[in-house]
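Peer 1: Next up is a structure, given as structure tokens.
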Ligand code: ADP
């Protein structure tokens, strides 16, 4: 247990300490890229590559810090109430922007308007990782359907895409840190390999579980299950005449 604690602290501390020097390096590289016309041509390619790789390192550090906060419980699961419908609409707007020219067809379906008890910022990280992955691993114009529904077992968030899919042999290992189904297929997606590890830990903190259904070429569906006890009725808004 102590060893595990040391590992978490170490990863948390290293990521934290690396953030400042890295911010300085990428800041200067960005300035150089912005003034590329002043650079000798033989340096331009090198500076562009260095800048892209330092942004990638920044994304890795950000995800490692987030994962370590979620894991160590530093960011406690506040018993706040999350409006899932509003959260999903915001995430899908960002996903549409990420999709850009690829014009994915994104749709959100919400069939239960009760609130979810849980840490909104953790839930935002988990849900956006799933929706952004759907965009990253779905060819242009593919369909992405995000639905939030409830039944006797509890509440469920499904993110379904018509993308490249995943060979079932990889599914049990996908939530491991840095695990990738097939690195050669998607080296240009800019992912950190930490997204699904973040999803898994957020769900652990919310007594939830993750289900992954997929096969090569026929798209994927990621479903987060939450226990029924986490659903809370909305308090009806007061009308003017009640005041
Ligand atoms: P990454 O940053 O590489 O996307 P994740 O932890 O988010 O890391 O996902 C792990 C791996 O799971 C990805 O590298 C990819 O192989 C696979 N994956 C995740 N989501 C999808 C999806 N919607 N469709 C196909 N493959 C996916």
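Peer 1: For the Cα atoms of the chain, what angle does the longest principal axis make with the long axis of helix 84-99, in degrees from 0 to 90, nearest 10?
Peer 2: Result, in degrees: 30.
Peer 1: Sticking with this one: Name the residue, out of 35, 133, 205, whose mean-square fluctuation peaks in a Gaussian network model built on the chain with Cα pairs under 10 Å.
Peer 2: Largest GNM mean-square fluctuation: 35.
Peer 1: Along each of the three principal axes of the Cα atoms of segment 80-232, give the extent in whole Å, ordering the values from largest to smallest.
Peer 2: 43, 31, 25
Peer 1: Also, quick follow-up: Quick check: residue separation of residue 90 and residue 124 times 0.36 nm, minus the Cα distance between them. What number comes out in nm?
Peer 2: Details: separation 34, 0.36 × 34 = 12.24 nm, distance 0.95 nm.
11.3 nm is the gain from fully extending residue 90 to residue 124.
Peer 1: Over every pair of different alpha-carbon atoms in segment 2-72, take the mean of 1/r and invert it; report that Kirkwood radius in Å. Mind showing how you got there, number by number?
Peer 2: Numbers: mean 1/r = 0.0736 Å⁻¹.
That comes to 13.6 Å for segment 2-72.
Peer 1: Between residue 80 and residue 9, what's the calculated FRET efficiency when r is the beta-carbon distance and R0 is 41 Å? Round to 0.05. Don't jump to the answer; show the numbers that get you there.
Peer 2: On the way: r = 27 Å, r/R0 = 0.65.
The pair residue 80/residue 9 has a calculated efficiency of 0.95.
Peer 1: For a quick check: sort 10, 226, 132 by the number of other beta carbons within 10 angstrom, fewest at the front. Walk me through the numbers on the way to the answer.
Peer 2: Numbers: 10 11, 226 23, 132 19.
Least crowded to most crowded, the residues run 10, 132, 226.
Peer 1: What nm distance separates the two modelled labels at residue 179 and residue 49, each placed 7 Å from Cα along Cα→Cβ?
Peer 2: 3.2
Peer 1: Calculate, in nm to one decimal, what residue 149 and residue 110 gain on full extension: separation in residues at 0.36 nm each, minus their alpha carbon distance.
Peer 2: Values: separation 39, 0.36 × 39 = 14.04 nm, distance 0.63 nm.
That works out to 13.4 nm of additional length.
Peer 1: Sticking with this one: For the chain, what is the calculated [θ] at 222 nm in deg cm²/dmol (nearest 500), taking -39500 (n - 2.57) for each run of four or more DSSP H residues and dividing by its residue count?
Peer 2: On the way: 5 runs with 109 residues, N = 243.
About -15500 deg cm²/dmol.
The numbers here are math on the coordinates, done by the rules we state, and not lab data. Bear in mind that the values here come from a model prediction, so they are computed numbers and not experimental data. Using ideal geometry, Cβ is built from the backbone for each residue, glycine included, and neighbour counts are taken over all protein chains shown.
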